[in-house]
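See below for the structure under consideration.
The values are calculated or read from the model by the stated rules, or taken from the named source; none is laboratory data. Because the structure is a prediction, the values reported are computed rather than measured. So basically every Cβ, Gly included, is an ideal-geometry build from the backbone, and we count neighbours across all protein chains shown. Side chains are part of the model used for accessible areas, which takes the heavy atoms of the whole protein and leaves out ligands, DNA and RNA. Shrake-Rupley method; radii C 1.70, N 1.55, O 1.52, S 1.80 Å.
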Amino acid sequence: MNPFNYQGPVAPTHLIDRRGELDELQRAAADRIAVRLAAPRRFGKSSLLDAHAAAMREAGHRAVRVDLSKVATLGDVAARIANAYAELPADPSRSVRRWAARLELGASVGGVGVRVATRPLRPPADEARAALLELLDVPRSLHEADGGLTVVCFDEFQEILVADEAVDGLMRSVIQHHGEAAAYVFAGSQPSLMHALFSEYERPFYGQARPLELPPLPIAEAVADIEALLRADGLDPGDAVDRLLVYSGGHPQRTILLAHHVYDVLDRGGDPDPAATALELALEETRDAHQAVWDGLGRNERLVLLALGDGQAPTGSIVAAEHRIARSTLREALERLLGDQRHVQRDANGKPYLLDPLFAEWLRRR
Ligand SMILES: Nc1ncnc2c1ncn2[C@@H]1O[C@H](COP(=O)(O)OP(=O)(O)OP(=O)(O)O)[C@@H](O)[C@H]1O
Ligand SMILES: [Mg+2]
């Protein structure tokens with residue numbers, strides 16, 4: 001079986017590097033300091049949270065990851081928390097069990113199977129609110145009972161704002177009293193929204209969490225780990241992994257996607273250039289997604305992206321002259337792309353670059 005899983009979080013045992021980040025998270029948990037982790041999509045946030053939770057459990061603490069992606073209502077937020085907390089030992093006040101039953105969740109809570117519903121019920125807003133307040137306080141009742149620590153990792157935290165504009169205030173009102181009882185991590189994939197939640201003075205979580213960055217994977221270590229997995233299955237990568245990794249720049253999901261295809265190509269055998277074939281396959285697989293991004297952008301943004309893909313200065317006089325467009329117009333488009341933080345980021349030297357190496361390649365092959 002192909003060992004390179006590029007869809008969804010990877011098991012802690014398959015994590016490449018991230019030791020520094022795990023150390024930071026562990027130290028913060030020991031000091032009960034909240035951490036916020038904002039990184040682009042597919043950079044390995046959920047995988048890191050899972051590894052952190054696993055390490056915390058190994059150290060004898062309770063730990064859960066609460067997936068908040070696509071929550072649309074307060075009831076959804078409560079349901080996700082109930083679902084995640086159902087893995088914890090039964091809380092003395094039985095909040096999780098009661099609310100899980102009430103919200104008709106499919107979780108098996110405290111060993112008792114609760115009826116499975118395809119979707120959680122849509123409780124009235126005041127009931128959802130009550131559920132949320134009580135569920136959020138579960139780490140405290142557990143702590144009162146046994147003095148232990150619960151590590152709670154909220155994943156896609158920025159999505160709570162879809163459910164309710166003021167839900168961060170509601171959440172903070174409960175968890176700010178957790179002192180010794182809990183350590184929180186807030187992870188999100190829309191850096192601008194995460195920034196708003198934690199850095200705008202008027203928001204309840206303003207200044208309430210230590211920021212943690214998630215950089216691309218270290219290339220040398222990623223090459224070594226990927227080659228080891230290939231060799232373990234009797235495949236000889238030659239220089240294929242080296243070539244692809246230089247090209248992927250350590251973008252976590254793109255790196256593993258390319259590794260996945262190299263594995264398949266080598267496994268089939270007889271390919272004179274496995275790296276090139278793997279790249280073709282990866283482009284083939286992601287073409288529709290690139291096209292959708294492209295279709296959703298205006299002309300000026302497209303020109304900036306094309307220039308970045310070609311390695312040109314996107315707001316320079318050459319690009320401006322070529323397209324008969326004012327440099328200030330290009331600068332505005334670049335600022336919009338940087339503000340949106342989905343496709344373009346600044347590197348350590350402040351130079352803008354395309355986050356997704358496959359998108360960059362797709363643009364170059366126009
Ligand atoms: N440290 C890592 N080691 C190996 N693979 C990784 C690592 N980080 C990320 N990946 C790869 O990236 C993929 C996406 O990881 P993950 O789902 O954790 O990212 P995410 O940031 O939570 O993504 P999303 O924005 O979709 O929620 C994984 O399937 C895996 O292939
Ligand atoms: Mg994720």
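When the Cα positions of ALA321, GLY350, GLY339 are compared along the charge dipole of segment 300-358, ALA321 comes out farthest toward the positive end, with charges on each C-beta of Lys, Arg, Asp and Glu. Helix content alone sets the calculated 222 nm mean residue ellipticity of the chain: runs of n ≥ 4 DSSP H residues at -39500 (n - 2.57) each, divided across all residues, give -16000 deg cm²/dmol. Loop-located GluC sites (Glu not before Pro) across segment 262-299 with a Cβ neighbour count of 11 or fewer within 10 Å are lacking, with loop assigned by DSSP. Could you calculate the contour length gain from ARG41 to ARG366, that is, 0.36 nm times the residue separation minus the distance between their Cα atoms, to one decimal place in nm? Length difference between fully extended and current span is 114.6 nm. Counting only protein heavy atoms, what percent of the accessible surface of the chain is carbon or sulfur at a 1.4 Å probe? That share works out to 50 percent.
Loop-located GluC sites (Glu not before Pro) in segment 136-214 (DSSP state other than H, G, I, E, B) with a sparse environment of at most 12 neighbouring Cβ atoms within 10 Å: GLU165, GLU180, GLU200, GLU202, GLU213. What you get for segment 1-57, charging only the Cβ of Lys and Arg (+1) and of Asp and Glu (-1), is a dipole of about 180 debye around the Cα centre.
Among the chymotrypsin sites (Phe, Trp or Tyr not before Pro) in segment 136-223, those placed in a DSSP loop whose Cβ has at most 12 other Cβ atoms within 10 Å are TYR201. Think of segment 186-325 as having a plus end and a minus end, set by charges on the Cβ of Lys, Arg, Asp and Glu; of VAL293, ALA228, GLN208, GLN208 sits farthest toward the positive end of this dipole. Computed over the chain with a Gaussian network model linking Cα atoms closer than 10 Å, the most mobile of VAL246, VAL152, VAL185 is VAL246.
Here the calculated FRET efficiency for VAL246 and ALA72, from their Cβ-Cβ distance with R0 = 51 Å, stands at 0.75, rounded to the nearest 0.05. When the residues ARG287, ARG203 are ordered by accessible surface, computed with a 1.4 Å probe over the protein chains alone, the sequence from largest down reads ARG287, ARG203. Of all DSSP beta bridges confined to the chain, the antiparallel ones make up roughly 20%. Solvent exposure of TRP362, expressed as accessible area, is near 50 Å², computed with a probe of 1.4 Å over the protein chains only.
Largest first, the three principal axis extents of the alpha carbons in the chain are 65, 55, 39 Å in whole numbers. Counting 0.36 nm for each residue step from ILE33 to ILE318 and taking away their Cα separation leaves a gain of 97.7 nm. Distance between the modelled labels on ASP340 and GLU58, one decimal in nanometres: 4.1 nm (7 Å Cα→Cβ projection). Between segment 47-68 and segment 220-275, what's the alpha-carbon centroid distance in Å? So the separation of the two Cα centres works out to 29 Å. Across VAL293, VAL77, VAL151, mean-square fluctuation computed from a Gaussian network of the chain (C-alpha pairs under 10 Å connected) peaks at VAL293. Taking a ≥ b ≥ c as the square roots of the eigenvalues of the Cα gyration tensor, an a/c ratio of 1.5 or more together with a/b no larger than b/c marks segment 179-331 as oblate. At full extension, TRP294 and ALA166 could sit 42.7 nm farther apart than now, given 0.36 nm per residue minus the alpha carbon distance. For segment 254-361, the share of alpha carbon pairs falling in successive 10 Å distance bins from zero is 14, 38, 27, 16, 5, 0 percent. The mean accessible area for residues of the chain, using a 1.4 Å probe and ignoring ligands and nucleic acids, is 48 Å² per residue.
Treating the angle as unsigned and between 0 and 90°, give the value, to the nearest 10°, between the Cα long axis of helix 45-58 and the longest Cα principal axis of the chain. With both axes taken from Cα atoms, the answer is about 40 degrees.
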